[in-house]
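Colleague: Quick one: structure below, then a few questions.
The values are calculated or read from the model by the stated rules, or taken from the named source; none is laboratory data. Treat the numbers as computed from the prediction; the structure is a model and nothing was measured. Quick reminder, even Gly has a Cβ in these numbers, built from the backbone with ideal geometry, and neighbours come from all protein chains shown. Protein only, heavy atoms only, side chains kept; ligands, DNA and RNA dropped before computing areas. Shrake-Rupley method; radii C 1.70, N 1.55, O 1.52, S 1.80 Å.
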There are 2 protein chains.
Amino acid sequence: MPRPAKAPDRTPLSRDRVLRSAIAIADAGGIGALTIRSLAEELGVKPMSVYHHVAGKAEILDNIVDLVFAEIDLPSPGGDWTIEIRRRAHSARKVLRRHPWAIGLMESRTSPGPATLKHHDANIGTLRAAGFSVAMTAHAYALIDSYVYGFALQEAALPFEGPDTVAEVAAPMMQLFTTGQYPHLVELTTEHVLQPGYDFGDEFEFGLTLILDGLARSLPS
Amino acid sequence: MPRPAKAPDRTPLSRDRVLRSAIAIADAGGIGALTIRSLAEELGVKPMSVYHHVAGKAEILDNIVDLVFAEIDLPSPGGDWTIEIRRRAHSARKVLRRHPWAIGLMESRTSPGPATLKHHDANIGTLRAAGFSVAMTAHAYALIDSYVYGFALQEAALPFEGPDTVAEVAAPMMQLFTTGQYPHLVELTTEHVLQPGYDFGDEFEFGLTLILDGLARSLPS
DNA sequence: GAACGTACCGTACTTAGTACGAAAGTGCTA
DNA sequence: TAGCACTTTCGTACTAAGTACGGTACGTTC
């Protein structure tokens, strides 16, 4: 009777569990679903308990962005630079597809965490080892990262997910376009996007190859 | 005495004024500063008055994103495609630099407005007129837009603004790096970023040229 | 067992979005 | 000009969310 059956519930709270739960909530319902209260509920505790492990919501946001970066495969400066950079580009895209909310956060969080810095260091190191000058490395890295993040941003902004739901979403949208405005958009949609097997994600490889080829050409070799 | 000197204050409220003020607030203080209450104050009215011109905050966000797209110069399908596409890329970057919050919103708002659609239509039309096939146009456009948005995203995430404040921000950051971690990051920062005259925005041209050159090569000519 | 540190929580204050209905202004009709 | 309808603005209040402050429960150490 005195013991109200309050089961030990789960492992004790920890900063790590707080951050991992925060990511899980954002993955499931978008960054808007991540509140201190929803987080506490997910963890099986009351809201104020969270504050004993993190300073506030801003710290949570800064840290989960860094944890996302930590998920991206690092290139190793040893191997063929095109293979290494290509591998990390695909990894980055895959990770950002899993955590699309992270893209929006990048714009507002301006203090990079250790994983983010390590990530940048590995990329820069790989390009330097490939023979690019310091200035060329800066150019190349800005180009590659812009492409990767921008592609992820566009994927996140798409109203459909994967190749399966394209038709459901695009077809009714086409109705609106029969007014004759947007003729080129209609053409591209009907003749390309709505074709069976279309997947926007497949466009990634084309641009990546074009960029890496272009960069390779600028290498002394 | 009965009239409490409530001056007519300003022109009557309108949907247009609401949206323009919303953009002004977001420009000045970030998207976090845009609240219905701050918006009402800026407009000289009480919060609930805003709701007679827009349905809710979500509608405001959708519409200001579209208004940002409306600010970007459209390419015209008539001229030299590289010049047209290049012009609109620079315009897009400039606009997104003025309204960096729009980048973060793009990820969460999945219903494009009329200006956004018109924008896409003009770009696709320009590439088609240049001689690209439908499939190649899709590839090219995904590539170009990814680069432009991704570059803007990185610019927005920088802790400094413009060439003048780089040193102030980067120099103290270097202190942290003397531990020997991040050697390549240190090298690139000291030998490139901290050099006089450095401006991250200058990197934009390099990547854009590389991309357009690569695309031009794939054209039958 | 008294003092203390750690983890958790109850209460309450503040800011924000917005539902509801009333009030104030505007113009049109009889 | 009186009445009425429509538009625009606002007062009040409810809900959700971040978090300050202090309290409690439990373990550790001397």
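Colleague: Enumerate the pairs (first residue in the range B:50-69 and of a type outside the set (A, V, I, L, M); second residue anywhere and not in a helix (DSSP H, G or I)) with beta-carbon separation below 7 Å, excluding pairs fewer than 6 apart on the same chain, so at least 6 apart or on different chains.
Modeller: Final answer for the pair search is B:His53/B:Leu13; B:His53/B:Ser14; B:Asp62/B:Arg109; B:Asp62/B:Ser111; B:Asp62/B:Gly113; B:Asn63/B:Gly113; B:Asp66/B:Gly113.
Colleague: Another one. Restricting attention to the range B:43-56, which residues are more than 10 Å from DNA strand D (Cβ to nearest atom) and open to solvent by 50 Å² or more (accessible area, probe 1.4 Å)?
Modeller: B:Ala55, the sole residue that qualifies.
Colleague: Step by step: first the residues of the range B:139-151, then only those that are farther than 16 Å from A:Ala156 by Cα and open to solvent by less than 10 Å² (accessible area, probe 1.4 Å), then the one that is nearest to the other protein chains (Cβ to nearest Cβ). Which residue is that?
Modeller: Ranking the qualifying residues of the range B:139-151, first place goes to B:Phe151.
Colleague: Next question, about the same structure. Only one of these is within 15 Å of DNA strand C (Cβ to nearest atom) and of a type outside the set (D, E, K, R): B:Val68, B:Val45. Name it.
Modeller: When all the criteria are applied, what remains is B:Val45.
Colleague: Also, quick follow-up: Considering only residues that are open to solvent by 40 Å² or more (accessible area, probe 1.4 Å) and at pLDDT 95 or above, which ones fall in the range A:200-221?
Modeller: Scanning the range A:200-221 gives A:Asp202, A:Glu205, A:Phe206, A:Thr209, A:Asp213, A:Ala216, A:Arg217.
Colleague: When the residues of the range A:103-136 are narrowed to those that are outside any loop (DSSP other than H, G, I, E, B) and touching a residue at least 60 places away in the same chain (Cβ under 8 Å), which ends up surrounded by the most Cβ atoms within 10 Å (Cβ to Cβ)?
Modeller: Here the residue is A:Gly104.
Colleague: For the range B:57-83, how many residues are under 17 Å from B:Thr126 (Cα atoms), of a type outside the set (Phe, Trp, Tyr) and open to solvent by 20 Å² or more (accessible area, probe 1.4 Å)?
Modeller: Of the residues in the range B:57-83, 9 are under 17 Å from B:Thr126 (Cα atoms), of a type outside the set (Phe, Trp, Tyr) and open to solvent by 20 Å² or more (accessible area, probe 1.4 Å).
Colleague: So, B:Ala40, is that one exposed (fewer than 12 other Cβ atoms within 10 Å of the Cβ), within 15 Å of DNA strand D (Cβ to nearest atom), away from every other protein chain (no Cβ under 14 Å) and at pLDDT 95 or above or not?
Modeller: So B:Ala40 does not fit the description; no.
Colleague: On the given criteria, is B:Ala89 in contact with a Phe, Trp or Tyr (Cβ under 9 Å, 6 or more places away or on another chain) and either assigned to a helix (DSSP H, G or I) or open to solvent by less than 40 Å² (accessible area, probe 1.4 Å) (or both)? Before you say what the answer is, go through the steps one by one.
Modeller: Details: in contact with a Phe, Trp or Tyr (Cβ under 9 Å, 6 or more places away or on another chain): yes; either assigned to a helix (DSSP H, G or I) or open to solvent by less than 40 Å² (accessible area, probe 1.4 Å) (or both): yes.
Answer is yes for this residue.
Colleague: Would you mind finding the one in A:Thr189, A:Thr126 that is among the β-branched types (Val, Ile, Thr), more than 7 Å from every other protein chain (Cβ to nearest Cβ) and either within 21 Å of the chain's Cα centre (by Cα) or over 18 Å from B:Ser111 (Cα atoms) (or both)?
Modeller: Values: A:Thr189 fails: either within 21 Å of the chain's Cα centre (by Cα) or over 18 Å from B:Ser111 (Cα atoms) (or both).
Going through A:Thr189, A:Thr126 in turn, the sole match is A:Thr126.
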